[in-house]
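Only the coordinates and a few stated rules stand behind these numbers; no lab work does. Every value quoted in this text rests on a predicted model; they were computed, and no experiment measured them. Reconstructed Cβ throughout: ideal geometry from the backbone, glycine too, with neighbour counts over all protein chains shown.
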Amino acid sequence: MNDTRSLNLKKFDPEVAKLISLETKRQKEGLVMIASENYASEAVLEAMGTALSNKYSEGYPGKRYYSGNEYIDQIETLAIERAKKLFNAEHANVQPHSGSSANMQAYFATLKPGDKIMGMNLSQGGHLTHGSPVNFSGQMYKFIPYGVDEKTEMIDMDVVRRLALKERPKMIVTGATAYPREFDFKEFSEIASEIDAYMLADVSHFVGLCLAGVHQKPFPYADIVTTTTHKTLRGPRSAMILSKIEDRYQQIYHKESKFNLAQRIDRAVFPGTQGGPLDHVTAAMAVMLKEAMEPDFLTYQKQIQKNAKILAETLMQNGVRIVSGGTDNHLMLLDLRAHKVTGQQVQDALEKAMIFTNKNSIPYDTASPFNPSGLRIGTPALTSRGMKESEMKLIGEMISRIIKNPHDNILLHKSKEDVLELTKKFPVYPNL
Ligand code: DSN
């Protein structure tokens, strides 16, 4: 390389380099409590920032449309084999660029436009791709939403069963982005089997807890499992699809097709909806999968859950209502209505104290999704820093004080100092 292209980032583009450095500093100094965020390891980040980003490798290992894929094939094969082993899955596709793409590809592999699917209502914890009318899923398929009981704020499986038997969808989607309780995959799969429906488990949020056995595992119940890889898995920003090989409904829904379920998923990813895979991300995913096979990964996942329980208890003891009265997983939803503040106001106040969260609708919220009555918080990133129960108590008390006094600038300033003090004791990214 010559001229300016041989300079490193700091020398060539100090403006961008500075912003990257400031963002890294924010992540190091603040309390990241957005339930879907985490700290990927330096090894994962290193794999992503490599020359693999230059390669084109449309197709799959051994069957590419370009030459020069000798090493990429080995990397993708490593990622596939590790994913299959970790999830006890018959088939893995590691090419989806995101969780939304993975869900789209899973639908394309099994359903036809206009087919009926049951999925969790976005306003009660589901994801955009689980049938929201503003998303391709709600526009291409006829989604029948299920939600939570108004009183318990938990999924009532009798209601789900009645709805499924009445509507007879071709697929039932399980999993959520803002539901603090456990999904009963076994019961969902029994209901799906009664009506010849596929069961898809989107475990993006709590995948790590499933692997650690502190949440029901999706296999053998689900036909297809989709997951992002950057949340509780702490990998690169990406996703994968895991599945059985044979389609148990081939003779009912895909009689004419010569492809089985695994082949149809691969075809839905490429060439169905994507071009070249992100090879640098695939490499980082392989690294993350190796990390997830280490024994300390399981300890980490268990600690996420313990931390979430203590945090929820502390908040409740301090007068903050937690939706459904607690949590079984890595996140909780705070109902702020009694404090006469909105999710936006608390999110903004916490941000001033370097505590990062997100506003969120709570079940049966009468406020708009853009200015909802709740706040979602989670413990995966704090747990990655090594924080445990005693830190959760401190943080829970701090958040409770801010909820009650979101406009008290002296309190916010003092809280920020406390946060900086705390995060100094739990450093992340020593080399960044
Ligand atoms: N945006 C993610 C979340 O925060 O839950 C879901 O895709």
Quiz item: Going 7 Å from the Cα of LYS10 toward and past its Cβ, which residues in segment 17-60 have a backbone nitrogen under 20 Å from where you end up?
Solution: 17-29, 42-43, 45-47, 49-50
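Starting from the exponent 0.38 and prefactor 2.2 Å, build the expected Rg for segment 296-432 from its residue count and divide its actual Cα Rg by it.
Working: Rg = 14.7 Å, N = 137, 2.2 N^0.38 = 14.3 Å.
In units of the globular-protein estimate, segment 296-432 measures up at 1.03.
Filter the trypsin sites (Lys or Arg not before Pro) in segment 140-243 to those in DSSP coil with at most 12 other Cβ atoms within 10 Å of their Cβ, and list the result. Present the calculation step by step, with values, prior to reporting the outcome.
Numbers: sites: LYS142, LYS151, ARG161, ARG162, LYS166, LYS170, ARG181, LYS186, LYS231, ARG234, ARG237; in loops: LYS151, LYS170, ARG181, LYS231, ARG234, ARG237.
Qualifying residues, ordered by number: LYS151.
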Self-check item: 29 Å Cα-Cα threshold exceeded, pairs from LYS55/LYS290; LYS84/LYS231; LYS55/LYS112; LYS55/LYS231; LYS231/LYS309; LYS116/LYS186
Solution: LYS55/LYS112
Quiz item: Under Stokes-Einstein, with the Kirkwood radius over Cα pairs standing in for Rh, what whole-number D in µm²/s applies to segment 344-390 at 25 °C and 0.890 mPa s?
Solution: 205 µm²/s
Quiz item: If you take the beta carbon distance between GLU58 and ASN409 as r and set R0 to 45 Å, what does 1/(1 + (r/R0)^6) give as a FRET efficiency, to the nearest 0.05?
Solution: 0.25
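Filter the GluC sites (Glu not before Pro) in segment 128-221 to those in DSSP coil with at most 14 other Cβ atoms within 10 Å of their Cβ, and list the result.
On the way: sites: GLU150, GLU153, GLU167, GLU182, GLU187, GLU190, GLU194; in loops: GLU150, GLU153, GLU182.
Within segment 128-221, the qualifying GluC sites (Glu not before Pro) (loop, at most 14 other Cβ atoms within 10 Å) are GLU150.
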Quiz item: Where a ≥ b ≥ c are the square roots of the eigenvalues of the C-alpha gyration tensor, would you call segment 97-229 rounded, which needs a/c under 1.5, or, failing that, prolate if a/b is larger than b/c, or oblate?
Solution: rounded
Exercise. Could you check the simple spin-label distance between LYS142 and ASP196, using points 7 Å along Cα→Cβ, in nm with one decimal?
Key: 1.6 nm
Quiz item: Does segment 2-78 come out rounded, prolate or oblate, given a ≥ b ≥ c as the square roots of the eigenvalues of its C-alpha gyration tensor, rounded meaning a/c under 1.5 and, failing that, prolate meaning a/b above b/c?
Solution: oblate
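Could you tally the net charge around TYR56, taking each other residue with its Cβ under 10 Å from the Cβ of TYR56, Lys/Arg +1 and Asp/Glu -1?
0
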Quiz prompt | Whole-Å distance, taken between Cα centres, linking segment 1-58 and segment 202-279 | solution = 28 Å
Exercise. Could you tell me, in Å, what Rg and Dmax come out for the Cα atoms of segment 158-277?
Key: 15.1, 44
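Quick one: grab the alpha carbon gyration tensor of segment 217-324, order the square roots of its eigenvalues as a ≥ b ≥ c, and give me rounded if a/c is under 1.5, else prolate or oblate depending on whether a/b is larger than b/c. It would help to have the intermediate numbers written out before the result.
Working: a/c = 2.64, a/b = 1.77, b/c = 1.49.
Judged from the Cα gyration tensor, segment 217-324 comes out prolate (a/c at least 1.5, a/b above b/c).
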Quiz item: Setting aside same-chain residues fewer than 8 positions from LYS352, which aspartates and glutamates have a Cα under 17 Å from its Cα?
Solution: GLU23, GLU29, GLU397, ASP408, GLU417, ASP418, GLU421
Practice problem: Evaluate the distance, in nm, between pseudo-label points positioned 7 Å from the Cα of GLU294 and of VAL134 along their respective Cα→Cβ axes. | Solution: 4.0 nm
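Rounded to two decimal places and with Rh computed the Kirkwood way over Cα pairs, what is Rg over Rh for segment 1-137? Walk me through the intermediate numbers first.
Details: Rg = 20.1 Å, Rh = 19.4 Å.
Using Cα coordinates only, the ratio equals 1.04.
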Exercise. Rounded to whole Å and sorted largest first, list the principal axis extents of the Cα atoms in the chain.
Key: 68, 66, 38
